[in-house]
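Colleague: This is the structure I want to talk about, given as structure tokens.
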Amino acid sequence: MTGINWIDIAIEILNYCILLFALLIMSSYLILAFISAFSLNKYLKKNRFVNYSILLSLPDCPKISLIAPAYNEGMTIKENVLSLLAIEYNNFDVIVVNDGSKDDSITILKESFDLVETNQVYNALIPTKEVRGIYQSSNLAFSKLIVIDKVNGGKADALNVGINISESPYIVCVDVDCIMDKDVLLKLAKFVMEETKKRLIATGGVIRIANSCVIKSGKLIEVNAPSNLLARIQVLEYLRAFLLGRMAWAKMDGLLIISGAFGLFDREIVQKCGGYNIKTVGEDMELIVRMRRYMIDNKEEYSVKYIPDPLCWTEAPESYSILRKQRSRWIRGTMETLWIHRRLFLNPKYKILGLLSYPYWLLCEYLSPIIEFLGLLITLLFIYFGILSWPYFFVLILLVYMFAVFFSILAIYTEESTYKKYVSFNDFFKLVVAGICEPIIFHPFTVYAVLRGNWEKIRGSKGWGDMTRKGFVKKENT
């Protein structure tokens with residue numbers, strides 16, 4: 001009888017642990033959303049009527065290099081480069097690094113932008129793979145463009161090549177498949193020029209999904225909710241992550257990641273830190289953590305900012321196979337960064353980074369899907385053996401489902417009450433339907449992708465996986 005009582009107690013404790021864990025995750029999301037909403041409202045009040053074009057006339061605007069690594073991007077590379085060149089700013093250049101593409105990327109670049117090889121000597125301050133050639137355009141319309149052809153070494157290596165080539169104090173690292181808003185550098189420059197008390201070492205912005213949007217001459221001219229359900233669900237995911245998550249972490253000075261698809265960095269600090277780490281597939285997260293550690297270790301005052309404006313649009317995977325590879329890479333990159341910088345964990349020297357950001361990322365971003373899977377497995381086993389009842393299981397699942405839908409609706413409401421990029425009722429309806437479907441058809445898949453990513457990491461997988469792209473919807477000039 002005593003043994004049975006101990007088993008009952010253990011089961012009761014486990015039930016409460018599962019419930020408390022679910023409540024912890026949900027409450028943390030709500031707290032972050034509240035802080036984000038407060039910060040976003042303050043930002044919009046301050047910047048809603050700013051005339052950024054005034055900065056075009058200022059002679060002391062910081063010079064910025066846009067660095068865009070490209071690997072097998074032939075399907076969209078012309079439009080992507082046109083988008084970068086079309087940005088409104090008076091002091092920037094565009095450095096496209098062809099990372100040994102196996103498709104016709106370099107040929108398309110040469111033909112589209114009248115490229116000719118230069119005699120420029122490559123100075124590898126950060127060690128990289130061999131550079132085959134450095135090209136510039138013979139067409140004055142593309143005078144800001146520099147194209148580098150190099151031996152394949154991965155995205156981090158390609159970015160390091162661009163950093164070596166750049167002569168600007170600030171670099172903006174972007175994915176070449178992204179479409180940038182025309183005033184993106186003006187908004188970044190404003191942040192740089194406003195920060196006078198501390199050294200701004202990095203800032204990032206919101207990434208949005210461009211699937212089913214219309215592109216003309218490298219510019220996004222029409223925003224639509226994706227016709228593909230998987231891409232539409234990722235719209236919600238990005239809204240939650242950027243508007244209701246990272247905004248809060250930036251407010252608390254605890255941001256651990258600047259998205260690899262779009263981020264501005266102090267080039268000198270990046271070089272002092274050794275550039276991007278080529279041994280991790282999560283080089284974007286690892287770099288910002290290393291930069292912050294460098295500044296704290298050297299007792300230098302610094303800041304990391306975040307811009308909630310939708311500045312960059314990217315193509316999301318529309319197939320489960322491509323998405324699985326992406327999410328596997330993300331979780332492997334997270335694992336590597338957390339391990340490399342494990343000294344941060346609960347270390348008061350690093351303040352909020354060590355006492356809050358790192359533990360949160362470890363528990364809620366990395367371990368959460370694993371704990372969720374194990375909790376579900378244990379619960380189903382208990383039900384099978386008659387220890388727990390189905391009603392308890394369904395109540396718990398219903399609670400989690402309702403919260404997930406509520407949080408997605410909250411993200412849609414935040415978007416509609418601020419930037420209103422999705423103007424039609426049809427788009428709004430599509431996003432709401434996606435929010436209702438996501439917990440059933442998308443979330444279980446992401447848990448599977450995380451588990452598989454962990455297994456691939458244990459087996460020693462280091463690859464990125466092929467990110468085949470469909471290409472943007474184009475509207476021809478008339």
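Colleague: What is the order of D114, D93, fewest Cβ neighbours within 10 Å to most?
Modeller: Fewest to most other Cβ atoms nearby, the residues stand as D114, D93.
Colleague: How big is the antiparallel share of DSSP beta bridges in the chain, given as a percent to the nearest 5?
Modeller: 40
Colleague: Turning to a different aspect of this structure: Could you tell me which of rounded, prolate or oblate describes segment 1-81, using a ≥ b ≥ c as the square roots of the eigenvalues of the alpha-carbon gyration tensor, with rounded for a/c under 1.5 and, failing that, prolate when a/b is larger than b/c and oblate otherwise?
Modeller: Judged from the Cα gyration tensor, segment 1-81 comes out oblate (a/c at least 1.5, b/c at or above a/b).
Colleague: In the neighborhood of C173, defined by Cβ-to-Cβ distances under 10 Å, what is the net charge if each Lys or Arg adds +1 and each Asp or Glu adds -1?
Modeller: -2
Colleague: Taking Rh as the Kirkwood radius computed over C-alpha pairs, what is the Stokes-Einstein D of segment 227-354 at 37 °C in a medium of viscosity 0.692 mPa s, expressed in µm² per second?
Modeller: 205
Colleague: So if I take the centroid of the Cα atoms in segment 295-325 and the same for segment 408-465, what is the distance between those two points in Å?
Modeller: 16
Colleague: Viscosity 1.567 mPa s, temperature 4 °C: Stokes-Einstein D of the chain from its Kirkwood Cα radius, in µm² per second?
Modeller: Using the Kirkwood radius from Cα pairs, D works out to 55 µm²/s.
Colleague: Per-residue ellipticity at 222 nm for the chain, helices alone: DSSP H runs ≥ 4 residues times -39500 (n - 2.57), over residue total, nearest 500 deg cm²/dmol?
Modeller: That comes out to -15500 deg cm²/dmol.
Colleague: Quick one: Cα centre-to-centre distance for segment 215-290 and segment 342-382, in angstrom?
Modeller: Going from one Cα centre to the other spans 21 Å.
Colleague: Report relative contact order for segment 283-421 in percent, whole number only (criteria: Cα-Cα under 8 Å, sequence separation at least 6).
Modeller: Result for segment 283-421 is 16 percent.
Colleague: Now for a separate question. Could you list the GluC sites (Glu not before Pro) in segment 275-366 that lie in coil according to DSSP, counting only those with at most 14 other Cβ atoms within 10 Å of their Cβ?
Modeller: E300, E301
Colleague: Further, regarding this structure: When a footprinting reagent is the concern and you count Cβ atoms within 10 Å, what order do C437, C273 take, fewest first?
Modeller: C437, C273
Colleague: While we're here: Could you list the GluC sites (Glu not before Pro) in segment 157-238 that lie in coil according to DSSP, counting only those with at most 11 other Cβ atoms within 10 Å of their Cβ?
Modeller: Passing sites in segment 157-238 are E167.
Colleague: Test of understanding: what is the full-extension gain from Y320 to N41, defined as 0.36 nm times their sequence separation minus their Cα-Cα distance?
Modeller: 96.9 nm
Colleague: By how many degrees, 0 to 90 and rounded to 10, does the Cα axis of helix 368-384 deviate from the longest principal axis of the chain?
Modeller: 30
Colleague: Tell me, what is the percent relative contact order of the chain, built from C-alpha pairs under 8 Å that lie six or more residues apart?
Modeller: Reported relative contact order: 18 percent.
Colleague: Taking only C-alpha pairs under 8 Å that are 6+ residues apart, what is the relative contact order of segment 176-244 in percent?
Modeller: For segment 176-244, the relative contact order is 29 percent.
Colleague: Mind jotting down the distance between the C-alpha centroids of segment 91-130 and segment 1-67, whole Å?
Modeller: Value for the Cα centre distance between the two parts: 38 Å.
Colleague: Need the full-extension length gain, V432 to S138, defined as separation in residues times 0.36 nm minus the C-alpha distance. One decimal, nm.
Modeller: Here the segment from V432 to S138 would lengthen by 100.9 nm.
Colleague: I've got another one for you. Counting only Cα, what are the radius of gyration and maximum Cα-Cα distance Dmax of segment 349-414, in Å?
Modeller: 16.5, 49
Colleague: By average Cβ neighbour count within 10 Å, what is the ranking of 438-450, 48-60, 71-83 from highest down?
Modeller: Averaged packing, sorted descending, gives the order 71-83, 438-450, 48-60.
Colleague: With everything on Cα atoms, drop me the angle between helix 283-297 and the longest principal axis of the chain, reported from 0 to 90° to the nearest 10.
Modeller: 90
Colleague: Can you give the convex hull volume per residue for the Cα atoms of segment 129-172, as a whole number of Å³?
Modeller: So the per-residue hull volume is 85 Å³.
Colleague: If the limit is 31 Å between Cα atoms, which of K219/K279; K190/K430; K190/K457; K272/K351 go over it?
Modeller: K219/K279; K190/K430; K190/K457
Colleague: If you split all Cα-Cα distances of segment 15-135 into 10 Å bins from zero, what percentages do you get per bin, shortest first?
Modeller: Calculated P(r), rounded to whole percents: 10, 24, 21, 18, 19, 7, 1.
Colleague: Also, quick follow-up: P(r) of segment 18-62 in 5 Å steps, Cα pairs, percent per bin?
Modeller: 5, 17, 13, 11, 12, 10, 9, 7, 6, 5, 3, 1
Colleague: Please go through the residue pairs K46/K349; K45/K421; K187/K421 and name each one whose alpha carbons sit more than 27 Å apart in this structure.
Modeller: As for pairs spanning more than 27 Å Cα to Cα, those are K46/K349.
Colleague: Filter K102/K325; K144/K251; K198/K325 down to the pairs with a C-alpha to C-alpha distance above 27 Å, please.
Modeller: Beyond 27 Å: K144/K251; K198/K325.
Colleague: Take the Cα gyration tensor of segment 93-215, multiply each eigenvalue by 5, square-root it, and list the three semi-axes largest first, rounded to whole angstrom.
Modeller: Semi-axes from the Cα gyration tensor: 25, 20, 15 Å.
Any read-out appearing in this document is the output of simple, stated calculations on the displayed coordinates, not a laboratory observation. Every value quoted in this text rests on a predicted model; they were computed, and no experiment measured them. A quick note on method: Cβ atoms are made from the backbone with ideal geometry, for glycine too, and the neighbour counts reach across all protein chains shown.
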